[in-house]
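Worksheet: the structure to be examined is printed underneath.
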Amino acid sequence: MDISPPRPMRVLVVEDEIMVAMLIEDMLIDLGIEVVGPAMDARTAFHLAEVTELDFALLDINLGGETSFSTADVLRGRGVRFAFVTGYGIAGVRADLRGHPVIGKPIDPAALKHVLARPEPVH
């Protein structure tokens, strides 16, 4: 019988602005979540999404002129829940990904907690 405690939730943070990434990381740590990253560019985000055991991901859409949509595709293919963190709102999300949650910037900690706790959207 395995009596070890469950591991904390693991969340990938994809954010190219270091101060915003640090703020998100602090919020997640306060919730008892293990932070993966932050990935600050599309290439790193894609790689981490492919190879890392994750429970959730928070994806900034605009990463220095690139987007995180390819990372979202990998996560969706692996069955990993994710949300977009953006100042552009739902209009900035690729049409086929609009069923996933969107958290506005600046991030409200209560909204973040709510999105992490909600079940996967139906597609």
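We did not get these values from a lab; they are worked out from the coordinates using the rules stated. On a predicted model such as this, the values are computed, not experimentally measured, just so you know. Reconstructed Cβ throughout: ideal geometry from the backbone, glycine too, with neighbour counts over all protein chains shown.
Values computed for the structure shown
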quantity: Mean separation of Cα contacts under 8 Å, 6 or more apart, over the residue count of the stretch 1-102: relative contact order %; calculated: 25 percent
quantity: Rounded, prolate or oblate (a/c below 1.5 giving rounded, otherwise prolate when a/b exceeds b/c) for the stretch 1-115 by Cα gyration tensor; calculated: prolate
quantity: Packing-based order for 91-100, 17-26, 74-83, using average beta carbon neighbours within 10 Å, highest first; calculated: 74-83, 17-26, 91-100
quantity: Crossing angle, helix 18-30 versus the chain [Cα axis fit, 0-90 degrees, rounded to tens]; calculated: 30 degrees
quantity: Approximate spin-label separation Met22-Ile107, in nm, with each point projected 7 Å along Cα-to-Cβ; calculated: 1.4 nm
quantity: FRET E, pair His47, Phe69, Förster distance 25 Å, beta-carbon r, rounded to 0.05; calculated: 0.95
quantity: On Cα atoms only, tilt of 42-51 relative to the major axis of the chain in degrees; calculated: 30 degrees
quantity: Shape call, the stretch 50-119: gyration tensor on alpha carbons, a/c limit 1.5; calculated: oblate
quantity: The chain: antiparallel DSSP beta bridges as a percent of all, rounded to 5; calculated: 10 percent
quantity: Nearest 10 degrees, 0 to 90: helix 69-78 Cα axis against the chain principal axis; calculated: 30 degrees
